[in-house]
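For reference, the structure is listed below as structure tokens.
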2 protein chains.
Amino acid sequence: MTMTTPSSFASTSPAVAATVHAVPVAPSTGALRPLGLDEVRITGGIWADRQRVNGTATLDHIEHWLDREGWLANYDLAVAGGLAEGRRGREFSDSEVYKYLEAVAWEIGRLRAAGADAAGATSSTGEADAAASLARLEGRFRATVARIAAAQEPDGYLNTRFGRPGQEPRWSDLEWGHELYCLGHLFQAAVARVRTAPGADDGLVGVARRAADLVCETFGEGGLERICGHAEVEVGLAELGRALGEPRYLEQARLFVERHGRGTLRDIEWGRAYYQDDAAVREADALRGHSVRANYLAAGAMDVAVETADADLSAALERQWDRTRERRTYVTGGQGSHHQDEAFGEDWELPSDRAYSETCAGVASVMFSWRLLLANGDVRHADLIERTLFNVIETSPDAAGTAFYYANTLHQRVPGAPADPDVVSPRAHSSLRAPWFDVSCCPPNTARTFASLAAYLATADDAGVQLHQYAPSIVRTVLADGREVSFEVLTEYPRSGTVRVRALSDAASPWRLSLRVPSWAVGARLSVRSASGEIEQQWPAAPGMVSVERRFAAGDEVELELPMAPRFVAPDPRVDAVRGCLVVERGPEVYALESVDLADTALAASDFADLRVDPDIAPIDTGDGRVVVRLTDRRTDAAADVALVPYHAWAERGPSTMRVWVPAVGG
Amino acid sequence: MTMTTPSSFASTSPAVAATVHAVPVAPSTGALRPLGLDEVRITGGIWADRQRVNGTATLDHIEHWLDREGWLANYDLAVAGGLAEGRRGREFSDSEVYKYLEAVAWEIGRLRAAGADAAGATSSTGEADAAASLARLEGRFRATVARIAAAQEPDGYLNTRFGRPGQEPRWSDLEWGHELYCLGHLFQAAVARVRTAPGADDGLVGVARRAADLVCETFGEGGLERICGHAEVEVGLAELGRALGEPRYLEQARLFVERHGRGTLRDIEWGRAYYQDDAAVREADALRGHSVRANYLAAGAMDVAVETADADLSAALERQWDRTRERRTYVTGGQGSHHQDEAFGEDWELPSDRAYSETCAGVASVMFSWRLLLANGDVRHADLIERTLFNVIETSPDAAGTAFYYANTLHQRVPGAPADPDVVSPRAHSSLRAPWFDVSCCPPNTARTFASLAAYLATADDAGVQLHQYAPSIVRTVLADGREVSFEVLTEYPRSGTVRVRALSDAASPWRLSLRVPSWAVGARLSVRSASGEIEQQWPAAPGMVSVERRFAAGDEVELELPMAPRFVAPDPRVDAVRGCLVVERGPEVYALESVDLADTALAASDFADLRVDPDIAPIDTGDGRVVVRLTDRRTDAAADVALVPYHAWAERGPSTMRVWVPAVGG
């Protein structure tokens, strides 16, 4: 599924890659080149399970609700007339349709890659199933695009909320109207399509192009010097520019990025920091304000910085990432402390109570971190991506993929009520996961992330391939000098810490395999085995990147052994809200104490607020994904060994109270 | 200024007092009878200072802003036409006018009482000044009432936001319209007027009566079975009923109270708990939802419970008060943890970060506690009132009385920006105190509280007088059996813990003087001195009430010695957010560490987040209202003795960071 770029990229970025892969982000330059869905396929484990559920149940679920809530029908109303009276949904509902389309596009790409990979295999049943799924998704995709395309106005304008008779005029409410935000998601959907089905004749790319042209005409030099109240158009335009080789779009992204901080948006109760209009991107110290907006903007700004070789802007963004990760990020990777404005707090303001940790902020944070990783190769970005994937993005959907957390609290004091599977929920209601929300960005946002997840696992540079995230997978790519590299990753990670990388072909010359050793994996070891099974080398691997360079022969194995013993982690002493508490981690997973697990213990009658964990008794791995700790009741002195579950698996067994940070004995 | 009740009270409450005093609350029955402004006068100290500033600068300030923002002019527009286009202010702006009127009425009462008291004195200058102030206030009051009265519709309806041509219809938005809420404040203003200027011909009482009659007709039995989204009309109607002897108003208050919890208000994102429509008042376990609404409702419900002898309802409210005080109240007495919905959190959810602790919730909490105290005589209610007065209500205004905190955070991580004295602020903006708010309830709410403060100091029962709050003051009252009691309170409390009560007249028979020993005052002592100065008795006084019963002779003194050494207080171990921290208290005052006080110490360069307090070195009273503690920097080990200021005095010296709870060494 390697494809040729539709047109040569812009003169502003001459180092364009000759080949375009199925990736969400394709910088023209940078330390690392991302490998796409056409190069990396997840074949098993937790992420393959999630991708399967996502590609079937979740996409069906989203389409059902988009239909039921009338968000798709809004496009038909635009054609038939009657939008002013009949339109349903919030002002940003169009964007959910585009995120959904993007998810479908990636899923089509994923299934095609799997099909291509399986083409040589014997099982034709799986192949037939995959073909049927593909045909179904492709049909849906085209039908949805057709409805959208019909609603686009002749000059390219596309939005069901503004601009038609009886509606407010176009661009009349940049603070809250979300018109450019919606288009940003349209552009990302078009990028997914152009990179997974190049040359497809469904028309989405044309729709996006016409809309992007209008944006450039309207908001370009000499036009409206404004920005959108919700960043997203920047990152959408930048990537559409890359995907279509259109420098105007990148330039428009640059203009929007540079216009932040000029106060062109109205001041509001929470201040202009809410929409990052309080300070220039290159002058800010940390991400601030609405955490999804902040990360989307930072991601788009990084695209601009890379394509314009703006070292000052890159450095500012790296500095902001550093401070945000250290001081404004929950142990889960979650970001955003405030319910009121869905915003970051000040440094160290990270209460578990009412932690907002919006699912979409997790998605956006991965977008930002991934762009930094590609630019500078710093493994710390991959560390945060892993933490966020396991503990925010995977936490949102339930096992069935049809109910979601909008916000991901770290402390549930009162058991949440089961959400009615047939009712739209308020976004951050303290319930169990809910099927759909008034503001329903998390279902399609997780869906597009899971469908494209393989594109966040590995990268390449001139010397070889870097593995950042571990999952059973197959990687096949071609290095810049034309050498083909292919290997399989065999692992039960994160259940096991053993990651085996087995070469699938004989290399003509040495290439370098690099493996990320997560920051928590102190004491990791690396070994190299020849195809005959003989251990040739073995050495300790410190956190960071560890590399093996050799002329790999088919069957050669590199084995990384990550220490997976569960561990207590203490908070930074500057975080007030969890002083005196410990969290249990095992590998990349954060664990949670859930009241349902006290039921058959001596603590069954204890008040959850009185439980204390004994830090002197090491947490024990049960082997089935749970971790046992010793808890005592500070009032009664009753004690029991209690199993914790991975945080992402909490609230799957009915109403319960829960805490991630547990006070230590004496606290 | 003792006055005869305008008409005999209702048949539902036969035990009506023959005399009506200048009190905000006059239950017909209960353990304690409140003493009014005509019986208690504050003569010096912190509260006299505050009352003086309040009666001049603050009232001027409020009138200026009501005028400037057009909230007063709305009434003129109602008469002239053009409200639909020209009306200014939020939907509840009328209520600020009524709170202001109430404050002016109490201030008039306060000045009259002082005048009456000073009538026998020699200084005629002070008298002339007071007379001038009184005349000015009376003029303002009448002028404002005239504008309001002119806007009342013939059937009694009164609101500038609804019901006129071009406006939404009356009662069409009970969730958010605040019409009944505004009237509740009108009723409280009328109560203040009727009790401080009985028989005044300004017309306010008539306006209130006509509006209350309309409320009863509209929402009575057989009428609209709805409630207001913001409780207040209940407490307003109940007291208006008491003040005018009109049982219909009390009955209507009862109906509104009983209708809470029937879900007649629309469900919203935060749930119906927001407006206490989730559960019946008599069935709830704790105050919940919006903290001002919750306390106003509880106060009104207590009035209903008392007047209808509803023991079940009283018991439910006491239970709710208990749990709320223990689990949902900040160390300052502040209530409300959430910014988003200005609401209580769950039990133990009391983060200092973003503590909301709305000023008006403090006012409302005092209203609720005071009614419980009158009903059951439990000194714990007076304890909470004191804590809230010193650490919430007194914190809101600055020393000059012209800038206010809307919310009272317990932790300021980034120095607030000075508020422009000429600009309306968002309500909970992290600034220094601000002159006025879009939602500007705190200035007039504190003003009415300070003006009537003397009415919260003392009560009487058949046996004698109870002193609940200590301030230099003079108390003159008549017990139920006709005995006159008068005494003076001499104290520098809270600078000093010595409270001397000196009898001003010879009693014909023994009466009982009871003094509250606050819960923190372990080790207090009481002594009795005859007029000759001889100590007759001396004994330890445990927290609670301590009493002396004797035939007091003029000059006899009872002296209460409260231990005022500053103390460290540890949080309840179930409050997660401040685990490992200590707070410094001295007497009723909570102290705060403010960064400006580090300037000349070895910790000047320290990060505020790194400071730790040494719990082994006792805090030292400086004698000037400050308390010194030993702080160390956990990174550098630098140490210094640093002065803390009373929390209510923080942010008076420019931008600074601040914390009330300070981590202890080792945390």
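A few notes on this one:
- Applying the criterion of at least 1 residues that are within 29 Å of the chain's Cα centre (by Cα) and within 14 Å of chain A (Cβ to nearest Cβ) to the strands (runs of 3 or more DSSP E) found wholly in the range B:552-667 leaves B:581-586, B:589-594.
- Among the candidates B:Leu582, B:Leu603, the residue that is at pLDDT 95 or above, among the hydrophobic types (A, V, I, L, M, F, W, C) and under 24 Å from B:Thr329 (Cβ atoms) is uniquely B:Leu582.
- Number of the condition not met by A:Met302 [criteria: (1) within 14 Å of chain B (Cβ to nearest Cβ); (2) touching a Lys or Arg at 6+ places or on another chain (Cβ under 6 Å)]: (1)
- Only residues that are within 14 Å of chain B (Cβ to nearest Cβ), touching a strand residue (DSSP E or B) at 6+ places or on another chain (Cβ under 7 Å) and touching a residue at least 24 places away in the same chain (Cβ under 8 Å) were counted in the range A:411-435, giving 7.
- A single member of B:Arg262, B:Arg266 is at pLDDT 95 or above, within 14 Å of chain A (Cβ to nearest Cβ) and surrounded by fewer than 17 Cβ atoms within 10 Å (Cβ to Cβ), and it is B:Arg266.
- Whichever residue in the range A:322-339 is within 14 Å of another protein chain (Cβ to nearest Cβ) and buried (at least 19 other Cβ atoms within 10 Å of the Cβ) and, among such residues, is nearest to A:Trp650 (Cα to Cα): A:Tyr330
- Test: residue in the range A:352-369 that is touching a His at 6+ places or on another chain (Cβ under 7 Å), more than 10 Å from chain B (Cβ to nearest Cβ) and either open to solvent by 10 Å² or more (accessible area, probe 1.4 Å) or in a helix (DSSP H, G or I) (or both): yes
- Residue in the range B:303-321 that is under 18 Å from A:Ala609 (Cα atoms), open to solvent by less than 10 Å² (accessible area, probe 1.4 Å) and not acidic (Asp, Glu) present: no
- Residue in the range A:450-462 that is surrounded by fewer than 20 Cβ atoms within 10 Å (Cβ to Cβ) and either part of a strand (DSSP E or B) or in contact with a strand residue (DSSP E or B) (Cβ under 6 Å, 6 or more places away or on another chain) (or both) present: no
- Yes/no for B:Tyr296 being within 14 Å of chain A (Cβ to nearest Cβ), open to solvent by less than 20 Å² (accessible area, probe 1.4 Å) and either in contact (Cβ under 8 Å) with a residue 60 or more places away in the chain or at positive phi (or both): no
- Flag for B:Glu536 being over 28 Å from B:Val628 (Cα atoms) and at pLDDT below 95: yes
- Of all residues making up the range B:581-604, the number that are small (Gly, Ala, Ser) and touching a helix residue (DSSP H, G or I) at 6+ places or on another chain (Cβ under 9 Å): 4
- Test for A:Glu492: is it surrounded by fewer than 23 Cβ atoms within 10 Å (Cβ to Cβ) and either more than 27 Å from A:Val627 (Cα to Cα) or free of Cβ contacts under 8 Å to residues at least 60 places away in the same chain (or both): no
- Matching residues in the range B:390-411 - criterion: being in a strand (DSSP E or B) and open to solvent by 10 Å² or more (accessible area, probe 1.4 Å): B:Ala407, B:His411
- Considered as a group, the residues in the range B:1-40 that are outside any loop (DSSP other than H, G, I, E, B) and open to solvent by 30 Å² or more (accessible area, probe 1.4 Å) include one that is modelled with the highest pLDDT, and that residue is B:Arg33.
The values are calculated or read from the model by the stated rules, or taken from the named source; none is laboratory data. Just so it is clear, the structure is predicted and the values come from calculations on it, not from any experiment. In this analysis, Cβ positions are derived from the backbone assuming ideal geometry, glycine residues included, and neighbour counts consider all displayed protein chains. Just so you know, the surface numbers come from the protein's heavy atoms only, side chains and all, with ligands and any DNA or RNA stripped out. Shrake-Rupley method; radii C 1.70, N 1.55, O 1.52, S 1.80 Å.
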